[in-house]
1. For the stretch 198-255, how many residues are at positive phi and within 16 Å of ligand 1 (Cβ to nearest atom)?
2. Could you please find all residues in the stretch 39-58 being in contact (Cβ under 8 Å) with a residue 40 or more places away in the chain and in a helix (DSSP H, G or I)?
3. Please find, among 91, 87, the residue that is surrounded by fewer than 17 Cβ atoms within 10 Å (Cβ to Cβ) and at pLDDT below 75.
4. Collect the residues in the stretch 191-220 that are within 16 Å of ligand 2 (Cβ to nearest atom), in a loop (DSSP other than H, G, I, E, B) and within 24 Å of residue 43 (Cα to Cα), keeping them in residue-number order.
5. If we scan the stretch 79-98, do we find a residue that is part of a helix (DSSP H, G or I) and within 21 Å of the chain's Cα centre (by Cα)?
6. Considering only the stretch 1-41, how many residues are surrounded by 10 or more Cβ atoms within 10 Å (Cβ to Cβ) and within 18 Å of residue 191 (Cβ to Cβ)?
7. Listed residues 102, 76; which is closer than 30 Å to residue 268 by Cβ and more than 16 Å from ligand 1 (Cβ to nearest atom)?
Ligand SMILES: [Zn+2]
Ligand SMILES: [Zn+2]
């Protein structure tokens, strides 16, 4: 009886999770689909080439990321408390909330920037990150197209610094309204910078990332090793990787061979080279 009830609870929880993910997708689509229709960088239609893979990654990421990130966050938190002197983390905790929020945003961005840059520079990590770059149509749904190992790695790089500086409370598991709002805006913004919308923000582009900034990160060959920041392009200014030409890129994707299914893409980093080389490459996957 207990087992049946536990199973029932799990099914209900899983159903709730699916509903939550689907609802978020509905809201994101309601916001971005009209924008992409009226302000498209390139006309592509609602069902563009590769939309199925983006959609599958959206649900897969939504269902698995919690499982992947939970133990990683717990391990980092445990390691930080074991290694760092308490005085250091307590000093940050004593700061007012707004100062912790800004501190968390800055060190989080530094961690993300370097984590992201390493996924491009280190071939082993690139095999995972190439999934995100395999998209040949860049629109809002590409935001969640990412291998769980890749996403976990870059998030962990940000988290390590957040814990090291004692700012983790500001984005912790029990956030107050303001940090929750910052996390919400941050998530919304990463959809926005992928969106196929031709908007420019003038001088603000130095301060906040935009579709133009991030689309140049997705460009096929030229300058793919630029514009790593998630929200604050200043990171790229400081570390010498900013690239802002005049026009929009014309081609997206990567030369790295990529299977044309989510399962294939999930497994390809683990495949030995001869098998990976034989995998069917679909230029339209993305
Ligand atoms: Zn990248
Ligand atoms: Zn991207």
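The values are calculated or read from the model by the stated rules, or taken from the named source; none is laboratory data. Remember, predicted model here, so these are calculated numbers, not experimental data. Glycine also receives a Cβ, built like all others from the backbone with ideal geometry; neighbour counts cover every protein chain displayed.
1. Keep residues of the stretch 198-255 that are at positive phi, which gives 202, 223, 227, 240, 253.
Then drop every residue that is not within 16 Å of ligand 1 (Cβ to nearest atom), which leaves 223, 227, 253.
Number of matching residues: 3.
2. Once the filter is applied, which keeps residues that are in contact (Cβ under 8 Å) with a residue 40 or more places away in the chain and in a helix (DSSP H, G or I), the stretch 39-58 yields 51, 53, 54, 55, 56, 57, 58.
3. Going through 91, 87 in turn, just one is surrounded by fewer than 17 Cβ atoms within 10 Å (Cβ to Cβ) and at pLDDT below 75: 87.
4. Result: 195, 196, 197, 209, 210, 216, 217, 218, 220.
5. Of all residues in the stretch 79-98, those part of a helix (DSSP H, G or I) come to 79-83, 86-93, 97-98.
Okay, now just the ones that are also within 21 Å of the chain's Cα centre (by Cα), so none.
Checked the stretch 79-98: no residue is part of a helix (DSSP H, G or I) and within 21 Å of the chain's Cα centre (by Cα).
6. The total comes to 20.
7. On the way: 102 fails: closer than 30 Å to residue 268 by Cβ.
Only one candidate passes the filter, namely 76.
Let's see how each residue does on (1) under 22 Å from residue 211 (Cα atoms); (2) over 12 Å from the mean Cα position of the chain (by Cα):
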residue: 125; (1), (2): no, yes
residue: 134; (1), (2): yes, yes
residue: 138; (1), (2): yes, yes
residue: 146; (1), (2): yes, no
residue: 150; (1), (2): yes, no
residue: 157; (1), (2): no, yes
